[in-house]
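Computed from the coordinates by the stated procedures, all read-outs in this text should not be read as laboratory data. Only a predicted model underlies this, so the values are computations on that prediction, with no experimental measurement involved. Here Cβ is always computed from backbone atoms with ideal geometry, including for glycine, and neighbour counts include all displayed protein chains.
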Amino acid sequence: MAQSSFSSTGVSVTATWTTLATIAEDENHPVVSLSFEISTDSGNANQIADVKVQAKDHTSGAWYDLVVGDALTQQAVQWSDRDDPPPTIRANNQVNYRVAIPLVYDLRIQARTDDGAATVDIYGFAETLNPVAGDVYGPISGTDNALVRMDGTSGKLVQNSGVTLDDSEQMEFGGGRVRNAGVAEVLGTTPPTPATGMLWYDTSGDAGVGGVVAITTKTGAYTAADTDTVIICDATGGAFTVALPAAGDNTGKVFYLKKIDSSANAVTIDGDGAETIDDAATLVLNSQYDAAMLVSDGTEWWIL
């Protein structure tokens, strides 16, 4: 928490609402409470009838009543007639107030008399949040009164942050966005190179790790590509070999291979160069529906 002080002296208050003090913080340091003292000069012919705190709606720019009259907590009261606490601040008297604030950052304190004018002084301080990076807080609007405000394409999870929410139900961040029930999408046409555990999805429908897998069907000799995942093998026309890419260039890469035909023709899976599969030079799928799932540890391929 942090504190900022405010004060005004010799303010002439009339029967219409008069601003005694304005508290202007920023969206990163919203006010959580106000403590202030209002005192009236001894020469006043009129007394202060009402006191209130207003907050600014940053969507419309309008001020709205936040705390009014009896809702303000009077901490200490000094008055000439001590039988009962006065409902007003009389001449040559003072009242100390303590007000809880629901996280807003532009505030003003106002007062008015029953009739005529009175001169007052006000002294106080605002207690504010002092958040660190990554904090999320709210509300910031008197009309929306919500943690997250949806306001066209300019609504923000935290104002002036790099995270925005718009009315098409998507959250945008640096280089990408999350939209429509959690689909992660990279902005632009070229997706990044997926890192371990990263999920990306671009506008062309291509997917990376964790997305829709690539399936290809082969009927003859084939060298598996880095972008392949599932390889369906149909050896009806004759036996053939599927060559694997270099294990050293594909650490963590997984291939699924399956022979679907009923012929006696074998499908041979061969490692790159001298690389092995479970320490063997090759793996053979002989019968219909034989299958293998292989993963590279960066040196060779292993059957899972």
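Tell me, what HN-Hα J-couplings in whole Hz come from the Karplus equation 6.51 cos²θ - 1.76 cosθ + 1.60 at θ = phi - 60° for each residue of segment 99-114, using x for Gly and Pro?
10, 7, 10, x, 6, 10, 10, 10, 10, 8, 9, 10, 8, 8, 9, 6
What's the center-to-center distance, using Cα atoms, between segment 209-269 and segment 283-301 in Å?
Each part's Cα centre sits 9 Å from the other's.
What's the percent breakdown of Cα-Cα distances in segment 235-304 across 10 Å bins, shortest bin first?
Histogramming segment 235-304 at 10 Å steps yields 23, 52, 23, 3 percent.
What nm value, rounded to one decimal, do you get for the distance between Leu304 and Thr14 when each label is placed 7 Å out toward the C-beta?
In this crude spin-label approximation the distance works out to 7.9 nm.
Using the Cα atoms as the points, what is the convex hull volume per residue of segment 5-77 in Å³?
Spelled out: Cα convex hull of segment 5-77, divided by residues, is 120 Å³.
Taking amide hydrogens as modeled 1.01 Å from N in the peptide plane, which residues meet the under 5 Å criterion relative to His58, leaving out close sequence neighbours?
Distant-sequence amide H within range of His58: Gly142.
Express in nm, to one decimal, how much length is gained between Asp261 and Val32 on full extension, taking 0.36 nm for each residue of separation and deducting their alpha carbon distance.
Extra length from Asp261 to Val32 when fully extended: 75.2 nm.
Would you pull out the residues with amide H under 5 Å of Ala214's amide H, same chain only if 5 or more places away, H placed 1.01 Å from N?
Thr229, Val230
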